[in-house]
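Q: Just dropping this structure here.
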Amino acid sequence: MAASADPKLVVFAWGNLSRADDGAGPEIAERLRALRLDELLVIEDMQLQIEHTADIVPGVPVLFIDASVAISEGFALERLKPQPDSSVTTHALCPTALLQLFETTSRRPSPAAFQLHIAAQNFELGEKPGVVNASATEAAWVFLADLLGRPPGDWGQALERSSVERLEPMRSVSATAI
Amino acid sequence: MNNLETASNPENLKRVVIEPITRVEGHGKVTLLTDEDNIVQQARLHIVEFRGFERFIQGRPYWDAPVVVQRLCGICPVSHHLAAGKAIDRIVGGSALTPAARKLRELAHYGQLLQSHALHFFMLCSPDLLFGFESEVAQRNFFAVVDKYPDIAIKGIRLRKYGQEVIAAVLGKRVHGTGAIPGGMNKALEAAERDTLITDFEHILEWSKDAVDLARNSFMANLPHNDRFGSMRSNYLSLVREDGALELYDGVFRAKDPDGNIIFDGVSDQEYHQHIREEVRNWSYMKFPYLSALGSEAGWYRVGPLARMNNCDFIDTPLAEAERQQYAEYGKDLPVEASLAYHWARMIELLHCAEKIQQLLDDPDILSSDLLVKGNRTSEGIGVIEATRGTLIHHYEVDDNDLIRKANLIVATTHNNQAMNEAIRQVAQEKLNGEEIDEPLLNNIEVAVRAYDPCLSCATHAVGKMPLRVELVNHKGELVHSLRRDSDGSLS
């Protein structure tokens, strides 16, 4: 975790590097940490979990990054809103449920939040990322590098402009579309 | 052993299957065989877990093991990291760590136990304890706890987060850190990191005490039910310190029988294979370990917080020791048999870990940069640790090219395999004797399994909403009755 006293963006990235495409989130997290940006708080984990609500900073935009089967190639940036959980199958949470939990426990409104979906197809133990996922990860990284090259105070607005309200399942979204 | 594991005439029984229908890290299903009078005659917990991981490690350089094994699990990666680290220490002849390295590993270990115990108790179990085992499924989840008991929920979140911060300070990251290396540690703790962890520590200690109170009072509030629920006579296995104290990082094996008599004591962890055997049964992917001196029928045992509390003579931190004495008094100085007492024992350990973290942060050695030792290279390494759920054994053999030739991992869920089957049978006998299977009854089975905090608790609890499919199938394979519960709690 990169420490930041006054972050302008909180990033949660998760996944398992030993499970093929599932490692996209940690891969991006590693690259973000290497940038050593004081305004960026990067939190990597294997799963998004309940205590991560305590990492959300009121008023600071949040970006969730995960491998995703919701798109078939490339990446997509989705605008998120807090929602009561309806799909919990383990102690791990979906991002919208975490935002809801933040509002409940802090009694403050959720900050602007976005999810960067990176196309993934294979989650087998011990396998390397596939071609589609590797390409999607690189495209996502180009997008992030462009974003983070802007003044930190603009990151939230840039994410807002680039995001879509709702993903269509299996719809392809390329880097150029964003 | 209960006589329901294998029915005498299974061909004449109906089969009830309780199976998660979503993909999770490790999942299980429960099969109940009932006779024509709908009396449970057979109960089995099937667990699919860690298949292939030992093979996955083979062929990798030995120094890679502590890093790679963390990817077994998102909840206890540090336990696997440290157990593998201890095993690899042996291979480089570096098991006698420097004081700083040993204390840093202990600090990470206590942080791991603290966060994992908090996760299990507050987020997975507290809905059962606060709302009741048979309360409405819509209510029985952590979000309902947040709504109705926000103070309890927030304490749980903050305890968990603190444990993660301890881990991050020692290992660099909350998960998949790289602190333990052959013969020591690769990073000293900075004074600033220590000072950050010390800040507000009093709250951590206070919340840990509150957690013990909640666990103890919940258990005592519903006696004799809680004492009887999933209760059984068993043997107990754990590490203890050589003087008999509770020991979680490095100790000697002690085993007790159901009456508290010593079966063996002071056994080196390097000799585990002389005292523990594993039996394969044709209906389960998981092996069934047993104490070789007693044989497979009588030698099964329990591990984890209950076993550790039953086995140790004392705890070397004052607050946890005071709580242990109350626990021992309840058991009349005999092993406590109740499965639900796992929660009580678990929270005593949580308090102990908080006290240990405080001690270590106050110890000047913790900032030392003297972190590595070396010795004579060997080809075999065994590392044993008391992980969150119980005794964790990593055993590696390495070839002349430094590649792992063979790996054997015995995890706590495996040790407790027989015990969880027994607990299910106890509950099933009492609760599932009807033709109609309803959701509150299913949750009683889940509560019994959940007490052991197995890796499949991810699946069996689902933060209160476990997706299930229940089928009654007669001996001809005909579907008699089915019940499906979706992840939103709806039944169909």
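Q: Hey, could you grab the Kirkwood Rh for the range B:77-212? Inverse mean 1/r over distinct alpha carbon pairs, Å, one decimal.
A: Evaluated on the range B:77-212, it is 16.3 Å.
Q: What is the mean number of Cβ atoms from other protein chains located within 10 Å of the Cβ atom of each residue in peptide B:153-159, rounded to a whole number?
A: 3
Q: Along the range A:62-68, what does the Karplus equation 6.51 cos²θ - 1.76 cosθ + 1.60 (θ = phi - 60°) give for ³J(HN,Hα), rounded to whole Hz, x for Gly and Pro?
A: Once θ is set to phi - 60°, the couplings for the range A:62-68 become 10, 10, 9, 10, 8, 5, 9 Hz.
Q: Once you keep just the Cα pairs under 8 angstrom separated by 6 or more residues, what percentage relative contact order results for chain A?
A: For chain A, the relative contact order is 29 percent.
Q: Using mean Cβ contacts within 10 Å as the protection proxy, how do B:208-215, B:81-88, A:119-126, B:410-417 order, highest first?
A: With the highest mean Cβ count within 10 Å placed first, the list reads B:81-88, B:410-417, B:208-215, A:119-126.
Q: Another question, then. Return the Rg/Rh ratio of the range B:53-415 with Cα-based radii and a Kirkwood Rh.
A: 0.96
Q: Which pairs in the list B:K103/B:K209; B:K161/B:K431; B:K209/B:K431; B:K209/B:K287 are over 28 Å apart, alpha-carbon to alpha-carbon?
A: Too far apart for the 28 Å limit: B:K161/B:K431; B:K209/B:K431; B:K209/B:K287.
Q: So what is log10(I(q)/I(0)) for the range B:195-329 at q = 0.09, 0.10 1/Å, when the Debye sum runs over its Cα atoms only?
A: Taking Cα atoms of the range B:195-329 as identical point scatterers yields -0.36, -0.44.
Q: Is the shape of the range B:162-222 best called rounded, prolate or oblate, per the rule: a/c under 1.5 gives rounded, else a/b larger than b/c gives prolate, else oblate, with a ≥ b ≥ c the square roots of the Cα gyration tensor eigenvalues?
A: prolate
Q: Give me the three principal axis extents of the range B:303-364 from the C-alpha atoms, as integers in angstrom, largest value leading.
A: Sorted from largest, the Cα extents of the range B:303-364 read 41, 17, 14 Å.
Q: Turning to a different aspect of this structure: With a/c under 1.5 counting as rounded, go ahead and sort chain A into rounded, prolate or oblate using the C-alpha gyration tensor (a ≥ b ≥ c being the square roots of the eigenvalues; past the cut-off, prolate if a/b is larger than b/c, else oblate).
A: Because its axes are fairly even, with a/c under 1.5, chain A counts as rounded.
Q: When we measure straight from the Cα of B:K256, which lysines land under 18 angstrom away, once same-chain ones fewer than 8 places off are left out?
A: List returned: B:K332.
Q: Cut-off under 18 Å on the C-alpha distance; same-chain residues fewer than 8 positions from A:K81 excluded. Which aspartates and glutamates are left, in chain and number order?
A: A:D55, A:D66, A:E103, A:E160, A:E165, A:E168
Q: Give me the one-decimal nm value for the distance between modelled label points at B:V280 and A:A145, 7 Å along each residue's Cα-to-Cβ direction.
A: Spacing of the two 7 Å Cα→Cβ label points: 5.1 nm.
Q: Within 10 Å of each residue's Cβ, count the other Cβ atoms and sort B:S238, B:S292 from fewest upward.
A: Taking fewest neighbouring Cβ atoms as first place, the list is B:S292, B:S238.
Q: Show the residues, 5+ positions off or on another chain, whose built amide H is closer than 5 Å to the amide H of B:I39.
A: The answer is none.
Q: Here's a follow-up. Shielding by partners for A:41-47, please: the mean number of other protein chain Cβ atoms within 10 Å of each residue's Cβ.
A: Counting other chains' Cβ atoms within 10 Å and averaging over A:41-47 gives 4.
Every read-out reported here was derived from the displayed coordinates using simple, explicitly stated rules and does not represent laboratory data. No experiment lies behind these values; they were computed from the predicted model shown. All Cβ positions, glycine included, derive from the backbone under ideal geometry; neighbour counts span all protein chains shown.
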